[in-house]
1. Rounded to whole Hz and in sequence order, give me ³J(HN,Hα) for the range 494-511 from the Karplus expression 6.51 cos²θ - 1.76 cosθ + 1.60, θ = phi - 60°, writing x for Gly and Pro.
2. Please list, in order along the range 473-485, the HN-Hα scalar couplings obtained from phi with the Karplus expression 6.51 cos²θ - 1.76 cosθ + 1.60 (θ = phi - 60°), rounded to whole Hz, x for Gly and Pro.
3. Which of the aspartates and glutamates could be linked to K528 by a straight reach, that is with a Cα gap under 14 Å, when you skip same-chain ones fewer than 8 residues away?
4. Please compute, over every Cα-Cα pair in the chain, the percentage with a separation greater than 41 angstrom.
5. Hey, got a sec? Which chymotrypsin sites (Phe, Trp or Tyr not before Pro) in the range 423-527 land in a DSSP loop and have at most 16 other Cβ atoms within 10 Å?
6. Looking at this model, which pairs from K422/K454; K454/K518; K393/K444 are more than 22 angstrom apart at the alpha-carbon?
7. Determine the shape class of the range 345-408: with a ≥ b ≥ c the square roots of the Cα gyration tensor eigenvalues, call it rounded for a/c under 1.5, and otherwise prolate if a/b is greater than b/c, oblate otherwise.
8. If we count every other residue with Cβ under 15 angstrom of N267's Cβ, Lys/Arg +1 and Asp/Glu -1, where does the sum land?
Amino acid sequence: MKKTTTFWIVILLLAITASAQERRPVAVSPGSEMGIARVGVSCPTFSWTGMEWATGYRVVVFETNGPNILDYKEIVAIASPVLTKEIKGRALSWTPSSEERLSNGSMYVWYIQAVDSYGQGIWSEGRMFRVEAEVQLVGMEDSVRDSLREKGMSEEAIEDVLEDMRLGIKEVVAVGVEIESSKTGSQDMIGVQGTEGTDNTLYGLYAGWKIDGGKYNSFFGSTAGYENTSGSYNTFIGFDAGRNNTTGYYNTFIGYRAGNNNTGNFNTFLGMNAGLSNTTGIQNTFIGYRAGNNNTTGNFNTVIGYRAGSNNTTGHYNVFLGYQVGYNETGSYRLYIDNTGTSTPLIYGEFDNDILAINGKLGVGTKSPAYNMEIETTGENAILLLDRTDGAKTGFSASGDKCAFGTLTNHPLWMVINGTFKAIFHTDGSLQMMNGAWCTAAGKWQDASSRELKENIHSLTAEEAKEALDGLDPVRFNYKADKEDESLGFIPEDLPELVASKDRKSMSAMDVVAVLTKVVQEQQKILKEHQKRDEEQQNTIADLQKQIDELKTGEK
């Protein structure tokens, strides 16, 4: 009975093993189903598909002259492997150390074996590749490209990112980077690069090497996110991208050494060395080669352009847009839009002071303004409107047959010179000059003449007035601007000194009135004196006549 039971148990185990081994693991990278893959590093990352029942994997690499790929049993019978690695656990990739590097220019074929708890396993089909000097992102270039396309990046930008990644891989190969690789426990599984798990996706030499608790990260590129331990929700693409980020989360760094020193959160850096020095700065967006590369603790900055905002280290809430724009600006709350590093950009602003400046000519409706501000329209009025919603509204307008400026509400229009009010057009139509003169609503002009406005007041003598009056030469004339309208008046250049203006180009009618008034007053005075003498003479004559009459009466 015991023998029978044992027999059936053995048969069952063999059946289970046979069923489990019907599927093979797949050697994914390096390799290609279309032929021989080219690898640009001497220590390529080997990745493969997992088997649910596997408790470990075995990587074996043979040097070959190809071009045919033999079955594992066939090649092991005729050649010895140049590289073998036993991998415990469920890791799905492995990167050789510098001591295990392969030879440049050589061609290899490699196999992956999924091993069960009994030490038995199934070999994959072989994958052939050649180690060459040219860098190739074997096995991940297409996935990176597709991922970036899904994020809306242009083909040109995608190529720049991939080139940064290739540059990073070349640098690692050139200097022979040596990094501590002794790990224990579950860390072994994460340390092996090329891992695609439910929590993190890591591709590249030492990408995400120190992850310990961090989740939902995607690191692509040699040493990308290398120091990251518990940081989560990060996407780093490129050699050394986000290398020193440890606990920062929700960051996106794309480019060679983008965000290399970051520990901040919610940052987006795109471009070689973009945000390179950022440490604890948060919620920054840096796009472009070395954009914001010296920022350390600045927050809430938006910097777009080659070396834009390069020297701003601690500024906050800045917006820089353009080639090298804001290059030397170190403050906060600043707006720069230009294509140079000038301190007087085409558009400048101060968000904290509500200031916006245009350092150039502003055209509205025209691409070639001839003045600091020019508004051009066709078929409609060109209007510049100034509107205080709780007060007056004013505007400047050029229409089809006239130009106008003034208030568009029932408010007076004040004329200002050098910051001082000089004249006021009142709503009733009257004009008030700030020197005291008025033109009434009816059109009557009133000169400013208050004693308060005058000094050095002296009476005009009769002699002065008569001399000035005698010097007046009334003439008939017409103005050159209106040849049909004859006028009467005086020529200022010919006026007596007393009534002439300083420049002898104009005259005041009141000056002539004053002279005439004095002359008339003097004539009235003389006339009164003559009248008085006449009255006295008439009285004398009347008295004499009375006396004569009395004498004549007495003689009788």
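Coordinate-derived values only; no laboratory data. All figures in this text were calculated on a predicted structure; none of them were measured in a lab. Using ideal geometry, Cβ is built from the backbone for each residue, glycine included, and neighbour counts are taken over all protein chains shown.
1. Those phi angles translate into 9, 6, x, 4, 4, 10, 8, 7, 4, 8, 6, 10, 8, 8, 10, 4, 5, 4 Hz.
2. 10, x, 9, 9, 6, 10, 6, 4, 6, 9, 6, 8, 10
3. In chain and number order, the partners are E536.
4. The share of Cα pairs beyond 41 Å in the chain comes to 58 percent.
5. Here the chymotrypsin sites (Phe, Trp or Tyr not before Pro) that fit, given the DSSP loop and packing criteria, are Y479.
6. Result: K393/K444 exceed 22 Å.
7. oblate
8. +2
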